[in-house]
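The values are calculated or read from the model by the stated rules, or taken from the named source; none is laboratory data. Since the model is a prediction, treat every value here as computed from it, not as a measurement. Using ideal geometry, Cβ is built from the backbone for each residue, glycine included, and neighbour counts are taken over all protein chains shown. SASA here: full protein model, heavy atoms, side chains in, ligands and nucleic acids out. Shrake-Rupley method; radii C 1.70, N 1.55, O 1.52, S 1.80 Å.
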Amino acid sequence: MKVLLIGGGGREHALAWKLAQSPGLDKLYAAPGNPGIARHARCVDLALTDHAAVIAFVREHAVGLVVIGPEAPLVDGLGDSLRAAHVPVFGPSRAAAQLEGSKGFTKDLCARGGIPTAAYARVRGRAEADTAVASFGLPVVLKADGLAAGKGVTIATTRAETDAALDALFADGDAEVVIEAFLSGEEASLFVLTDGETLVPFGSAQDHKRVGEGDTGPNTGGMGAYSPAPVLTPELECRALDEIVAPTVRAMADAGTPFSGVLYAGLMLTPTGPQLIEYNARFGDPECQVLMARFRGDLLETLLAVAQDRLAELPPPAFSPGTALTVVVAARGYPGTPRAGGQIGGIEPAEATGATVFQAGTRLDGDRLVASGGRVLAVTATAADVGTAQAAAYRAVDRIDFPDGFCRRDIGWRALC
Ligand code: AMP
Ligand code: GLY
């Protein structure tokens, strides 16, 4: 089968790497792809917002499955356009992707379904916001409603921080903002494949969202991850599935907008049990890198079964029992303005240690590989336990020659302390 993979980051490199191992794959195309993905796919230049152009490409090249990696094309309805053209798609419809695209939508769904999540208020103006903040007390969590790449959330611990965050959120006047009570506990991510009806747990992970060691500094898209998340015990995973994910999938189906794809539940493990922090409608980045490093099954067969509503026919997915750990190497300046164009070397020596280097923000400048984004590489290793995987990942990181880059040196620390 021919497959078109949409996206060009580290998540998509991991998907391409795993799809390339599927015996049923005849040819992989990626739009736009990147130099790492180009090791497994033909990268094509398609305007992803031009759905007719994507459909024309699919028809011309007899593509049998489109896999949508990032959230933006999902929220833009690329999945709907492809389904309307009878093309099998891995990735939810625009209506179902609201679980990620609108925090207010998800909070309302949780409230209706009794799904455990932080108390909240949806507000439209500064006066409403001030009333809600007063009722929750401090710390308080303030979120822009739409997609914000992890940067639209402030946890304010003082009145001054609250005011500054609200000023920023309402800077353009008419914004929709969600205000939430603060939850404390450890965070874990649970991934679940669903075709709208059948649910299949697809691994857990822990991300490192802050740029600095010890989880300090500004939020990023994720500076590293490991899988599985030991803190999400089998018992807690069952509770999260029964109390959070299953009722969500049922509610989406009952509303006539079934969710088909991978549902990524960001959980807070509180003393009273798992609570939903947020949903994403796609694999995490860099969580996908560690899930793919551990997944032992046939990814093409699995994603196609989701796309064709046949998930119930598949055997349960098999993962290696050990740990996969990935360290993100970012360009200096990230998560502010990253320094572009820095030369990257050492990928082959890094991979010679047994690690896999997924490329995220890279491009070719002639025959030089250079940085073209904030998060540039995800250096990934697997081993029997977190400590050994961490040592193996940093052994490989140390062979990377990227003077303009930096990484956290403590990925995995919560599982090791
Ligand atoms: P989100 O974009 O909703 O995932 O939020 C980004 C990060 O903010 C999460 O990963 C949490 O670390 C934190 N966060 C979000 N909501 C809450 C909450 N209600 N209580 C505590 N921390 C939160
Ligand atoms: N690593 C967080 C995310 O993909 O949203």
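Numbers below:
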| quantity | calculated |
| --- | --- |
| Cβ-derived FRET efficiency at R0 45 Å, T198 paired with C417, nearest 0.05 | 0.75 |
| Net length gained if the chain between F170 and A134 were fully extended (0.36 nm per residue, minus Cα distance) | 11.2 nm |
| Per-selection Kirkwood Rh - region 178-279 (Cα, Å, 1 d.p.) | 14.5 Å |
| Reciprocal mean inverse distance between Cα atoms of the chain - Kirkwood radius, Å | 21.8 Å |
| Percentage relative contact order, region 223-275, counting C-alpha pairs under 8 Å, at least six apart | 36 percent |
| Hz values of 3J(HN,Hα) by residue in region 102-108 - Karplus curve (6.51, -1.76, 1.60), Gly and Pro given as x | 9, 5, x, 4, 5, 5, 5 |
| Solvent-accessible area per residue for region 133-239 (1.4 angstrom probe, square angstrom) | 41 Å² |
| Area accessible to solvent at S184, 1.4 Å probe radius, in Å² | 80 Å² |
| Using a Förster distance of 35 Å, the FRET efficiency for T49-I155 (Cβ separation, nearest 0.05) | 0.55 |
| Gyration tensor (alpha-carbon) shape descriptor, region 328-377, a/c threshold 1.5 | oblate |
| Calculated from backbone phi, Karplus (6.51, -1.76, 1.60) coupling profile of region 46-63 in Hz, x at Gly/Pro | 10, 7, 5, 7, 8, 4, 5, 5, 5, 5, 4, 4, 4, 5, 4, 9, 6, 6 |
| Accessible surface, per residue, of region 15-123 when the full set of protein chains is kept, probe 1.4 Å, Å² | 39 Å² |
| With all protein chains modelled, accessible area of L416 [1.4 Å, Å²] | 80 Å² |
| 5 Å binning of all Cα-Cα separations within region 132-225, expressed as whole percents from 0 upward | 3, 11, 16, 20, 18, 14, 9, 6, 2, 0 |
| Selection from A205, V386, A240, by position along the positive dipole direction of the chain (Cβ) | V386 |
| Length added when fully stretched, Q343-T272, from 0.36 nm per residue minus Cα-Cα | 20.7 nm |
| Surface accessible to a 1.4 Å probe, T382 within the full protein complex, Å² | 70 Å² |
| Exposure ranking of R126, R112 by accessible area [1.4 Å probe, largest first] | R112, R126 |
| Taking the convex hull of Cα positions in region 269-319, its mean projected area over all directions (nm²) | 5.1 nm² |
| Vicinal HN-Hα couplings computed from phi for region 36-44 (Karplus, 6.51 cos²θ - 1.76 cosθ + 1.60; Hz; Gly/Pro x) | x, 4, 5, 5, 10, 9, 8, 7, 10 |
| Members of K2/K103; K18/K143; K143/K209 lying beyond 25 Å, as alpha-carbon distances in this model show | K2/K103; K18/K143 |
| Relative contact order %, the chain, counting alpha carbon pairs below 8 Å whose residues are six or more apart | 17 percent |
| Residues listed by number, region 4-31, amide nitrogen under 16 Å from E60 label point at 7 Å toward C-beta | 4-5, 29-31 |
| Cα-centred dipole magnitude for region 1-121, charges only on beta-carbon of K, R (+1) and D, E (-1), debye, nearest 20 | 280 debye |
| Potential lengthening between A318 and A253 on full extension [0.36 nm per residue; Cα-Cα distance subtracted] | 20.7 nm |
| Structure-based [θ]222 nm, the chain - -39500 (n - 2.57) summed over DSSP H runs of at least 4, per residue, nearest 500 | -8000 deg cm²/dmol |
| Translational D in µm²/s for region 1-141 (Stokes-Einstein at 10 °C, 1.306 mPa s, Kirkwood Rh from C-alpha pairs) | 92 µm²/s |
| Pairwise FRET efficiency - V231 versus E351, Cβ, R0 = 35 Å, nearest 0.05 | 0.70 |
| Heavy-atom accessible surface of the chain: percent carbon and sulfur, 1.4 Å | 52 percent |
| Estimated distance in nm for a label pair at A38 and D401, the labels positioned 7 Å out from Cα along Cα-to-Cβ | 2.0 nm |
